[in-house]
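The values are calculated or read from the model by the stated rules, or taken from the named source; none is laboratory data. These figures come from a predicted structure and were not determined experimentally. Cβ placement follows ideal geometry from the backbone for every residue including glycine, while neighbour counts extend to all protein chains displayed. Just the protein is used for accessible areas: all its heavy atoms, side chains included, with ligands, DNA and RNA removed. Shrake-Rupley method; radii C 1.70, N 1.55, O 1.52, S 1.80 Å.
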Amino acid sequence: MSAGTPKSLPSSGQKSIQEICHPLSAEESILTPSPDVGNTTSSIGERDLSLPNGTPVDTSSPASSSSLLNRLQLDDDMDGETRDLFVTVDDPKKHVSTMETYITYRVSTKTTRTEFDLPEYSVRRRYQDFDWLRNKLEESQPTHIIPPLPEKFVMKGVVDRFSEEFVETRRKALDKFLKRIADHPVLSFNEHLNAFLSAKDLNKRQGLALLTKMGESVKYVTGGYKLRARPLEFAAMGEYLDVFTQKLGTIDRIAQRIIKEQSEYLVELREYGPVYSSWAAFEKELQEPLEGVAGCVANCCSALEELTEDMSEDFLPVLREYVLYIESMKNVLKKRDQVQAEYEAKLEAVAFRKEEKTPVPTDVEKCQDRAECFNADLKADWDRWQNNKRQDFRQLLTGMADKNIHYYEKCLAAWESLIPMLQDKQEAKAETN
């Protein structure tokens with residue numbers, strides 16, 4: 001996080017994998033519209049609209065009329081899509097009770113969709129509620145890539161999870177998580193998202209429902225059948241994700257090392273500047289230049305602190321988000337393989353009965369349809385993810401360049417301002433002589 005002392009918080013189209021460019025490449029590509037997913041949005045498991053506390057959806061309270069008017073960005077639609085659902089996560093608040101201390105965030109929604117009873121909502125949610133939503137999306141939409149949440153647990157004593165810096169970093173991540181879902185052509189229509197955005201009362205919690213993966217695993221049991229081979233396109237996806245993970249890991253390690261060295265350098269600068277100030281008190285003839293040097297060091301110190309904070313709070317979280325995104329994508333690839341293995345196993349079973357000349361069982365055809373739908377959804381989400389990644393990394397690297405330029409310009413200006421002072425001092429001394 002910040003190099004200083006933490007402040008306390010106040011109470012879907014298809015494209016060949018070979019065409020995919022490197023995450024840092026400047027090459028543009030057009031996102032192909034998602035295939036028809038009308039038959040793939042149905043829940044795989046039970047359609048449970050109950051919220052974490054088991055209370056029914058309550059949509060009786062509209063949000064303030066000014067809650068989102070200044071936040072709507074109508075000009076950032078992705079690839080010409082018409083956006084009709086806007087969400088924002090802001091206003092973190094700390095809650096202290098006898099049992100626990102936690103942070104809640106205001107989730108504001110503005111929409112024209114008929115699935116919602118009101119055009120605006122404003123509710124408060126804590127991290128567990130976001131986690132509940134993601135689990136429900138993963139459970140009901142197994143063919144789609146669900147955006148990641150920021151990691152819940154932090155090392156005690158290393159990061160203060162109630163510090164203003166940490167809470168703000170998490171708020172940005174939660175806001176991005178919801179915005180990615182709201183922009184998705186399928187996930188944004190999920191009934192659990194509707195409940196999350198519109199349900200009013202989540203105060204009386206009876207504990208977060210534990211979602212088990214057992215039911216999902218049973219669905220994909222294939223009797224020990226092993227997948228023959230992952231299709232080339234999806235195999236290339238897996239290889240790309242492996243390489244991308246290695247690149248991000250290397251950048252993350254080096255960036256953290258740079259931040260550590262900058263923080264150590266910052267400590268030295270804070271001790272270095274005052275030395276010139278104390279020296280100036282004993283050297284009247286050099287007092288002004290020495291105090292000028294102390295001021296330059298202070299300005300450089302301030303610029304370095306700002307650069308380190310930006311790198312910790314803006315650069316590293318994006319890298320970590322994409323590492324978690326890759327884990328989510330690999331899980332979806334595994335599920336796709338399970339569906340394909342199930343289809344191949346049933347196809348082999350039919351082949352053994354071929355001599356009987358019986359028609360292809362209906363369950364085999366359904367399994368084939370299911371595999372094809374899975375492939376189409378995954379390809380569409382892959383293209384969408386690639387598009388988002390290019391935009392995110394361009395913005396990230398551009399911001400990093402601007403902040404480094406600002407840092408060096410600020411340091412240069414500080415030292416250049418000292419030169420006229422030294423020259424005037426030298427000229428005055430020459431005139432005296």
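One table, with the values for the structure above:
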quantity	calculated
Phi-based couplings in Hz for the stretch 379-393 (Karplus 6.51, -1.76, 1.60; Gly and Pro marked x)	5, 5, 5, 4, 4, 5, 5, 4, 5, 4, 5, 4, 5, 4, 6
Sequence ranges 388-398, 92-102, 335-345, 367-377, ranked by mean other-Cβ count within 10 angstrom, highest first	335-345, 367-377, 388-398, 92-102
Added length on full extension, which subtracts the Cα-Cα distance from 0.36 nm per residue, Asp424 to Glu285	48.8 nm
Rg(Cα) / (2.2 N^0.38 Å) computed for the stretch 283-425, rounded to two decimals	2.16
Largest-first ellipsoid semi-axes for the stretch 83-202, taking √(5λ) over the Cα gyration tensor eigenvalues, angstrom	26, 16, 13
Compactness of the stretch 274-337 as Cα Rg over 2.2 N^0.38 Å, two decimals	2.28
Segment Gln128-His406, extension gain: residue separation times 0.36 nm, minus the distance between their alpha carbons	96.2 nm
Inter-label distance, nm, simple model (7 Å from Cα along the C-beta direction), Tyr102/Arg257	4.0 nm
Carbon/sulfur fraction of accessible area - the stretch 228-423, other protein chains in place, 1.4 Å, %	57 percent
Distance between modelled label sites at Glu115 and Gln368, nm, 7 Å Cα→Cβ extension	3.1 nm
Separation in nanometres of the label points that stand 7 Å from Cα toward Cβ, at Gln246 and Arg320	2.5 nm
Residue (of Pro420, Val323, Thr362) at the positive-pole extreme of the stretch 228-423, dipole from beta-carbon charges	Thr362
Cβ-based net charge around Ala281, under 14 Å, with every Lys or Arg adding one and every Asp or Glu removing one	-3
Highest to lowest packing among 140-149, 235-244, scored as the average C-beta count within 10 Å	140-149, 235-244
